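One structure is given here, and the rest of the page talks about it.
The values are calculated or read from the model by the stated rules, or taken from the named source; none is laboratory data. Not measured: the values here are computed from a predicted model. With ideal geometry, Cβ positions are generated from the backbone for all residues, glycine too; neighbour counts draw on all protein chains shown.
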Amino acid sequence: MDLDRVFENNEAWIKEKLASDANYFDDLGKGQNPELLFIGCSDSRVTAEELMGLGPGEAFVHRNIANMVISIDLNAMSVVTYAVEHLKVNHVVVCGHYGCGGVKAAMQSADLGILNPWLRNIRDVYRIHKMELDGVLNEEKRYERLVELNVKEQCVNLIKTSSVQKAYRDRGLKVHGWVFDVHTGKLIDLKIDFEKYLRDIMEIYHLD
Ligand code: CO
């Protein structure tokens, strides 16, 4: 890749933005007020804003391998706390994607070094849903189902945080689970019943 092209693209982008709104960057410089926190995979194909048709300032974004929300990951937990408590987003989205290399790696027996403890969290998702997954005989379909179940479990992990519990109570914050289909470009809402999960797990995970 010719990195000079990146800077040429940037100049062209500035011109394009200013052509339609002369104050575009003055306004952008004033601050951010995003409505949505997007937690997606680092995969180069899962371009958060582009696939949602949003522009700068509209989404607070966190990406890591396989869109994980892990309670002792200081990075992810800081993002969630900042977005929910300070930026006061009203929607938190976990967006997985079919063809996820992280999820695929977790389905295989291989020692991947430092990636082992990270991917173990996906193996735990497999263990929780083993009965259902073992019933899916087609390997590709089983892999797709694990992508979906992983999104669901990361939504549950969000519900376990005090930030999300308080924001739900105080202003009705919602958690959503989506999957991006890299084969078609389609964004699929898994329609996770966030309030049901909240009720189901609160007995154990209630923090506030
Ligand atoms: Co991925």
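At a glance:
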{"read-out": "Which numbered condition residue 117 misses (of (1) surrounded by fewer than 13 Cβ atoms within 10 Å (Cβ to Cβ); (2) over 21 Å from residue 179 (Cβ atoms); (3) more than 20 Å from the chain's Cα centre (by Cα))", "value": "(3)"}
{"read-out": "Search result, residues across the range 57-99 that are in a helix (DSSP H, G or I) and surrounded by fewer than 18 Cβ atoms within 10 Å (Cβ to Cβ)", "value": "74, 75, 77, 78, 81, 82, 85, 86"}
{"read-out": "Among residues of the range 31-42, those that are out of contact with any strand residue (DSSP E or B) (no Cβ under 6 Å at 6 or more places or on another chain) and within 16 Å of the ligand (Cβ to nearest atom), counted", "value": "0"}
{"read-out": "Selected residue (only one of 118, 178 is part of a helix (DSSP H, G or I) and either in contact with a Gly (Cβ under 9 Å, 6 or more places away or on another chain) or not basic (Lys, Arg) (or both))", "value": "118"}
{"read-out": "Any hit, the range 95-105, residues being more than 16 Å from the ligand (Cβ to nearest atom) and not hydrophobic (A, V, I, L, M, F, W, C)", "value": "no"}
{"read-out": "Some residue of the range 82-99 being over 19 Å from residue 175 (Cα atoms) and assigned by TED's automatic domain parsing to the domain that holds residue 60", "value": "yes"}
{"read-out": "Flag if residue 60 is more than 15 Å from the ligand (Cβ to nearest atom) and of a type in the set (Phe, Trp, Tyr)", "value": "yes"}
{"read-out": "Residues located in the range 28-47, provided they are free of Cβ contacts under 8 Å to residues at least 24 places away in the same chain, surrounded by 11 or more Cβ atoms within 10 Å (Cβ to Cβ) and not small (Gly, Ala, Ser)", "value": "47"}
